[in-house]
Amino acid sequence: MTLTQGLPVSTAARPAVELIGVKKHFTGRSRRAPKRVALDGFDLTVRPGEFLCLLGPSGCGKSTLLNMLAGFTQPDRGQVLTDGEPVTGPGPDRGVLFQTPMLFPWLTTLDNVLYGPRARHELTAETRRRAVELLETVGLADAHDAFPHELSGGMRHRAAFARVLVNRPRLLLMDEPFGALDAITRVAMQRFLLHLWQREQITIVFVTHDVEEAALLGDRVCVMSGSPGRARAVIEVDLPRPRSIEDTETLEFVQLKRRIREALEDDH
Amino acid sequence: MTTDVVVVVEPATSSGQTSTASRRAAGRSRGGSWRRLAFGLLGLILTAAVWQLVSYVKGDPVILPSVQRTASTFWEYLSQPYPAVQGKTLWQHALVSGGRILAGWAAGVVIGVAVGGVMASVSFVRHLLDPLIEITRPLPPLAFIPLFIVWFGIGETPKFLLILIGVVPVMIIATVSALDAVPTELVQAGRSLGASPLWALLTVRLRSALPPIITGMRLAMGGAWTSIVAVELIAATSGLGYVINNAGVNLQTPLVLSGILAISVLGIVFDGLLRLLHRFADPTTR
Ligand SMILES: Nc1ncnc2c1ncn2[C@@H]1O[C@H](COP(=O)(O)OP(=O)(O)OP(=O)(O)O)[C@@H](O)[C@H]1O
Ligand SMILES: [Mg+2]
């Protein structure tokens, strides 16, 4: 088991994500209810262009962590930095993909993709062209004018991808994005995501429950321990790229999965 | 080694994306809509037939005039003023009632949406107003008539206010529950795409709540029409409610029924317009 060291960081590059001693608690509904510590002293560094998977039991604070990176919530203590800058609020430089696609049901696919540029008053012919191009990339060339309820589950996820990518984010935050998909669509989406990541060279922080998914996608897998959440181990995935679903049958992959599972089940 | 298949039922997403399947199952096919129309017509014809039968058996036009007598009275008063001296035609009465309702309803919608919006966003305002609304909601507008006459006299003001106080609580409740039902993640999605807090509030939170708010507007409109007769009891000299009241006092039953008919036609027209608006606002129902 390799702990946090990993490959030598490419010289002067600032880390894409830095979490230093992050603590976050939630107060209960009543004043007497005990405070629930979601995260305590969480440290993590993500290299630029890295694909990092966050793995941990339910309720260990993965979504809380991602929400802080997205700027939806602030930590009680510690620092949350992206590209060396503290996160102060949500922004288009960090694309967020939720477990459900969260498309706007009253907008067509194309208008969903153009929501970001419109909201920032940056809608130009160039962005429009880029949006159309992106919809082609995600395989929705014929669905410009379809409303989200007219798309299949997988198509909605791909539309959500296009909606985020049109903003050219440097960081993608994904919270169990494929958790609600069937096994076949999920494999297709994983392949699509890997392809995209290799092409666009963005940093990805990917939350999942699934050991196999984490091992297949990630450069590193950060295994978290439950309440309060901490980074228990960071496991380097040294499988060659590009990877595909067939690689999951190899011995190295099975051994890697066992290592991750052991880290997950390891009590302290 | 097989993939760890996670069986997850497609979770409830935003309001629009969930219920499409059930709506489709409700049968919007062409054959279905023709059948619905035919049965609807049949129901109307049966009602008219029963009406005709009862009026024939009773043989007293004051208790229940025949269908054709009512229809001819309705037709007649479309061009003939009521009351005969200084009166108005049914059209004009309808216009007066429609104007009163639109004024009270529109003001009530604006106030209700504004108050509901604030209640949904500021929790202490919600705690402040919640009991107030709960207390006033079950009160019929009728109960306020004597008070309003004392306070505001017998002009248009008490009529406007009576319709208003029927509309406001309905709109507040509709707005608050519509805004509460907007998933936070939908707003967060908008914010992380670069929308400012205000822009996200307008184009995501409010926009997402629009269809249920329009449903609230439909309910409030229905409520306003049901209270119009009581409202126009207040020393009115025009309006469909006035026609019904006055014709009733004078035992002109065909005219009473004509007024009722006019109210129901207007009610259907207004509701139809709002349904159109709803369809426009919610693409999943198209
Ligand atoms: N808004 C909130 N109010 C109160 N407690 C919260 C809130 N959000 C999260 N928590 C608590 O913080 C802890 C971490 O929650 P979080 O959603 O981050 O878990 P998670 O790792 O994403 O779990 P899952 O894998 O099931 O999604 C949990 O114990 C949860 O009860
Ligand atoms: Mg979660």
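Bear in mind these aren't lab numbers, they're just calculated from the coordinates by the rules spelled out. Remember, it's a predicted structure, so these values are computed and weren't measured experimentally. So basically every Cβ, Gly included, is an ideal-geometry build from the backbone, and we count neighbours across all protein chains shown.
Tabulated data for the structure shown
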| quantity | calculated |
| --- | --- |
| Part-to-part distance (alpha-carbon centres) for the stretch B:32-93 and the stretch B:259-283, which is given in Å | 20 Å |
| Average beta carbon contacts from partner chains per residue of A:149-159, 10 Å cutoff | 2 |
| Residue mean of other protein chain beta carbons inside 10 Å, A:102-113 | 5 |
| Spacing of the two label points (7 Å from each Cα toward its C-beta) at B:TRP34 and A:ILE20, in nm | 7.4 nm |
| Zone residues, the stretch B:36-58, relative to B:ILE268, backbone N less than 17 Å from point 7 Å out along Cα-to-Cβ | B:36-51 |
| Averaged over A:89-95, number of beta-carbon atoms from partner chains that fall within 10 Å | 4 |
| Calculated FRET value between A:ASP142 and B:LEU251, using beta carbons and R₀ = 41 Å, to 0.05 | 0.05 |
| Long-range HN-HN contacts of A:THR73 with modeled amide H, under 5 Å | A:MET68 |
| Amide hydrogen neighbours beyond the local backbone of A:LEU54, cut-off 5 Å, H modeled | A:PHE206, A:VAL207, A:THR208, A:CYS222 |
| Net lengthening on full extension, A:GLU265/A:SER152 (0.36 nm per residue, minus Cα-Cα) | 37.1 nm |
| Net lengthening on full extension, B:SER72/B:LEU202 (0.36 nm per residue, minus Cα-Cα) | 41.7 nm |
| Distance (nanometres) between label positions extended 7 Å along Cα→Cβ at B:LEU44 and A:ASP93 | 6.4 nm |
| In order through the stretch A:183-190: 3J(HN,Hα) via Karplus (6.51 cos²θ - 1.76 cosθ + 1.60), integer Hz, x for Gly, Pro | 4, 6, 4, 4, 4, 4, 5, 5 |
| Whole-angstrom gap from the stretch B:176-246 to the stretch A:85-127, using each part's C-alpha centre | 28 Å |
| Protection-proxy order for peptides A:150-161, A:205-216, B:123-134, B:34-45, each taking the mean of Cβ atoms within 10 Å per residue, highest first | A:205-216, A:150-161, B:123-134, B:34-45 |
| Prolate/oblate/rounded label for chain B (Cα gyration tensor, a/c 1.5) | oblate |
| B:LEU142 paired with A:ASP247, simple spin-label distance in nm, labels 7 Å along Cα-to-beta-carbon | 7.6 nm |
